[in-house]
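Trainee: Below is a structure I'd like to ask you about.
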Amino acid sequence: MSVDSVIELSGVTQRYGDLVALQGLDLQVNAGEFISIVGSSGCGKSTLLRLIAGLMPLSEGELRVNDKPVEGPGEDVGIAFQTSALLPWRNVEQNIALQLEIRKLPRARFEHELRRLIDLVGLKGFENHKPYELSGGMQQRVALCRALIHDPSLLLMDEPFGALDAMTREQLNLELQRIWMETGKTVVLITHSITEAVFLADRVVVLTARPGQIAEVVDVPVSRPRRFSGLSAPAFQQACDRVRSLMNAPGLD
Amino acid sequence: MKTMVYPLITFVLFVVGWYAVSILFEVPPYLLPRPEAVAERIYQDFAFLCHHALVTTYESLGGFFLSIVLGIPLALLITSSSILEKAIMPWLVLSQTFPKVALAPLIIVWFGLGMGPKIVITFLVAFFPVVISSIVGLRSMEREMVELAASMRATRLQVFWKFRLPLALPSIFSGIKVSVAFSIVGAVIAEWVGASEGLGYLLLSANANLDTTLLFSVLAFLTVIGVVLYYAIEYLEALLIPWHATIRLKETTSL
Ligand SMILES: Nc1ncnc2c1ncn2[C@@H]1O[C@H](COP(=O)(O)OP(=O)(O)OP(=O)(O)O)[C@@H](O)[C@H]1O
Ligand SMILES: [Mg+2]
């Protein structure tokens, strides 16, 4: 096993009662790698993310993060959930800072980063707005900032851009790529968009329908930084086609 | 102030209807006194009525506060341990199907006619809504919120103070509002069973004397107490949880 692999799954199987959500997953994610996970709804993507995040016990198999078996939520992990999960009585700034408060990190040290993130995701001027005063997409952006504020080395995201319009989505994809290139974080991104998955990832993990198994891991051999204008390049197209055909394959969906 | 207009119109229509009924159907005053007779009676006996109203208010508030002081901690206990829940919940539900009002005479026998037993009876009536809605509220934290807290490695105390309790407040308040209304009912019933003062006692003696004007005056006082207490709680709610959806809804519709 390589030294710098951050996440290691071997024979990971997850059950909810009688329902087998994930079956026999083997996967290694290297440090600094960007991984996308795609698969039809209900195939176990969120389950996989929860397992990596240490949010629930594993039914079977082995799962290591940073060379240690996962026993609970890690120190150095940031998560953006499928719903924004903001606290309604806290404004944008306070919702982001919740991560610091709970982890007992000094707010002053992260003040600059807080401003920068708010600016980055285009929420400047909305610092004092409560969640109900924001659109769904803005709420998701707040959740993204909250996942990033403590500068975790592992970033887990569950369809963070689901509620965004195409324009904003592409913008945030570019920002995410930039953050990732600058900081060298390891990122696991769940998405329903094949284009988004391929555009951002070094490797795309395609899961089969229930029970979720790895159909194939598709490499995206395109150099960085990538641009949306370059999406017509053959390497992109091949990867997209491969992912699409895997997801449409008979018996897999 | 604009929000006062519509309830006032309703009130005027109500009084007009009252007149119409008493004139059209020629209802004798000992069955349905005219509004002005009631108003005059309230004016004349104001100090007397206020004295009894204070007694009833005192009993209501006593039972109401007791419900909160005991009800919310009980809900905390029940939601914090599944063993306690299994041990207590069935009995709590059972105690609700049991008509607590039927206990009132027994409580008077045991504890006498003073203020204390009346507060106990009021408490029995007002207690349940607080407990149940607090339990519902404390359980209302959704899966992703729980996981968010866990992912930040929140301690049990942090989860409680920063997530669970504030998330429970809207539900707790809706229970408190039901409870404050119940507590007035409880106080009146307690006075019916045995009392020498209070609005419930006045109701009985007015009834015995066929003094319907007094009866209506007492009903008016009870209504006022109920409304004042209810809105006091609403005010407190708006202060404590301004972010709560039902309050926000009201703000936008009244624009
Ligand atoms: N807490 C749970 N208890 C029981 N079954 C669950 C639970 N969570 C998920 N499941 C089941 O496990 C399967 C995988 O769920 P999961 O949420 O991981 O899917 P998903 O791939 O994230 O779907 P989507 O794309 O719709 O978010 C589903 O069939 C779901 O019904
Ligand atoms: Mg999901």
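Trainee: Quick query: amide H of residue A:61 versus all other amide H atoms, modeled in the peptide plane; which residues come in under 5 Å with a sequence gap of 5 or more or a different chain?
Mentor: A:13
Trainee: Taking the alpha-carbon distance from residue A:68 and a cut-off under 28 Å, which lysines remain once sequence neighbours fewer than 8 residues away in the same chain are dropped?
Mentor: A:45, A:104, A:185
Trainee: So, one more: Just tell me how shielded B:140-148 is by partners: mean number of partner chain Cβ atoms within 10 Å of each residue's Cβ, no decimals.
Mentor: 5
Trainee: Once you charge only the Cβ atoms, +1 for Lys and Arg and -1 for Asp and Glu, what is the size of the charge dipole of the protein assembly as shown about its Cα centre, to the nearest 20 debye?
Mentor: Rounded to the nearest 20 debye, it is 300 debye.
Trainee: Nearest 5 is fine: what % of DSSP beta bridges in the protein assembly as shown come out antiparallel, could you say?
Mentor: For the protein assembly as shown, the DSSP antiparallel bridge percentage is about 55.
Trainee: Additional query: May I ask you to evaluate 6.51 cos²θ - 1.76 cosθ + 1.60, the Karplus curve with θ = phi - 60°, for each residue of the range B:142-159 and list the ³J(HN,Hα) values in order in whole Hz, giving x for glycine and proline?
Mentor: 7, 4, 5, 5, 4, 6, 4, 4, 5, 5, 8, 6, 6, 7, 4, 5, 4, 4
Trainee: Sticking with this structure for a sec: Over the protein assembly as shown, with the other protein chains present, what is the accessible area per residue in square angstrom, probe 1.4 angstrom?
Mentor: 49 Å²
Trainee: Something else now. To test your reading of the geometry: what angle, between 0 and 90 degrees and rounded to tens, separates the Cα axis of helix B:199-208 from the longest principal axis of chain B?
Mentor: On a 0 to 90 degree scale, this one is about 30.
Trainee: While we're on this one: What residue among B:146, B:178, B:131 shows peak mean-square fluctuation when chain B is described by a Gaussian network model with Cα springs under 10 Å?
Mentor: The residue that fluctuates most here is B:146.
Trainee: Based on the alpha-carbon gyration tensor of the range B:36-253 and its eigenvalue square roots a ≥ b ≥ c, which shape applies: rounded if a/c is under 1.5, prolate if not and a/b is larger than b/c, or oblate?
Mentor: oblate
Trainee: Once the Cα atoms of the protein assembly as shown are picked out, what are the Rg and Dmax in Å?
Mentor: Reported Rg and Dmax, both Å: 31.7, 98.
Trainee: What is the distance in Å between the Cα centres of the range A:90-133 and the range A:200-242?
Mentor: The two parts, judged by their Cα centres, are 33 Å apart.
Trainee: Lysines near residue A:130 by alpha-carbon distance under 18 Å, same-chain residues fewer than 8 away left out - which ones?
Mentor: B:162, B:250
Trainee: Would you calculate a helix-derived [θ] at 222 nm for chain A, using -39,500 (n - 2.57) for each DSSP H run of n ≥ 4 and dividing by the full residue count, to the nearest 500?
Mentor: Here the helix-only value at 222 nm equals -11000 deg cm²/dmol.
Trainee: Separate question: Once amide H atoms are placed 1.01 Å from N in the peptide plane, what residues at a sequence separation of 5 or more from residue A:80, or on another chain, have their amide H within under 5 Å of its amide H?
Mentor: Close amide H contacts, sequence-distant or interchain: A:156, A:157, A:158.
Trainee: Among B:24, B:131, B:119, pick out the residue whose Cα is farthest towards the positive end of the charge dipole of chain B, where Lys and Arg carry +1 and Asp and Glu carry -1 on C-beta, about the Cα centre.
Mentor: B:131
Trainee: Estimate for me the total accessible surface buried between chains B and A (protein heavy atoms, probe 1.4 Å, no ligands or nucleic acids), in Å² to the nearest 100.
Mentor: In total, this chain pair buries about 2100 Å².
Trainee: Okay, next question. In whole Hz, with x marking every Gly and Pro, tabulate ³J(HN,Hα) for the range A:125-132 from phi via Karplus 6.51 cos²θ - 1.76 cosθ + 1.60, θ = phi - 60°.
Mentor: Once rounded to whole Hz, the list reads x, 10, 3, 9, 7, 7, x, 5.
Trainee: Hey, another quick one. Would you mind getting me the FRET efficiency between residue A:56 and residue B:140? Use the beta-carbon distance for r and R0 = 30 Å, nearest 0.05.
Mentor: The pair residue A:56/residue B:140 has a calculated efficiency of 0.90.
Trainee: Here's a follow-up. Give the residue from A:236, A:73, A:180 lying farthest towards the positive end of the charge dipole for the protein assembly as shown; charges sit on Cβ (+1 for Lys and Arg, -1 for Asp and Glu) and the dipole is referred to the Cα centre.
Mentor: Most positive-ward Cα: A:180.
Trainee: Nearest 10 degrees, 0 to 90: what angle lies between the long axis of helix B:2-24 and the longest principal axis of chain B (Cα atoms)?
Mentor: So the helix axis and the longest Cα principal axis differ by about 40 degrees.
Trainee: Roughly what % of DSSP beta bridges within chain A run antiparallel, to the nearest 5?
Mentor: 55 percent
Trainee: Before rounding to the nearest 500, sum -39500 (n - 2.57) across all DSSP H runs of length at least 4 in chain B and divide by the residue total; then give [θ] at 222 nm in deg cm²/dmol.
Mentor: -27000 deg cm²/dmol
Trainee: Right, next: Do any trypsin sites (Lys or Arg not before Pro) in the range A:1-105 lie in a DSSP loop with no more than 13 other beta carbon atoms within 10 Å, and if so, which?
Mentor: Here the trypsin sites (Lys or Arg not before Pro) that fit, given the DSSP loop and packing criteria, are A:104.
Trainee: As a test of reading the structure, rank A:247, B:115 by solvent-accessible area (1.4 Å probe, protein chains only), most first.
Mentor: Accessible-area ranking of A:247, B:115, largest first: B:115, A:247.
Trainee: Using amide H atoms built in the peptide plane, which far-off residues or other-chain residues are under 5 Å from residue A:22 H to H?
Mentor: A:14, A:212
Trainee: Report relative contact order for chain B in percent, whole number only (criteria: Cα-Cα under 8 Å, sequence separation at least 6).
Mentor: Computed over chain B, the figure is 26 percent.
Trainee: Explain nothing, just compute: Karplus ³J(HN,Hα) = 6.51 cos²θ - 1.76 cosθ + 1.60, θ = phi - 60°, for every residue of the range A:230-238 in order, whole Hz, x for Gly and Pro.
Mentor: x, 5, 7, 4, x, 4, 4, 4, 4
Trainee: Hey, another quick one. In peptide A:79-87, how many Cβ atoms from other protein chains are near each Cβ within 10 Å, on average?
Mentor: Mean shielding by partner chains, rounded to a whole number: 4.
Trainee: Then there is this: Compute the long axis of helix A:92-103 from its Cα atoms, compare it with the longest principal axis of the Cα atoms of chain A, and write down the angle in degrees, 0 to 90, nearest 10.
Mentor: Between the helix axis and the principal axis of chain A, the angle is about 70 degrees.
Trainee: Which whole number gives the average, over all residues in B:151-162, of C-beta atoms from other chains lying within 10 Å of the residue C-beta?
Mentor: Shielding by partners across B:151-162 averages 5.
Trainee: Measure off, as a whole percent, the carbon and sulfur share of the 1.4 Å-probe accessible area of the range B:36-253, all protein chains present.
Mentor: 73 percent
Trainee: Roughly to the nearest percent, how much of the accessible area of chain A is carbon and sulfur, given a 1.4 Å probe?
Mentor: Within chain A, the accessible surface is 51 percent carbon and sulfur.
The values are calculated or read from the model by the stated rules, or taken from the named source; none is laboratory data. Here the structure is a predicted model, which is why all the values come from computation and not from measurement. Note: ideal-geometry Cβ built from the backbone for every residue, glycine included; neighbour counts use all protein chains shown. Surface areas here come from the heavy atoms of the whole protein model, side chains and all, with no ligands, DNA or RNA. Shrake-Rupley method; radii C 1.70, N 1.55, O 1.52, S 1.80 Å.
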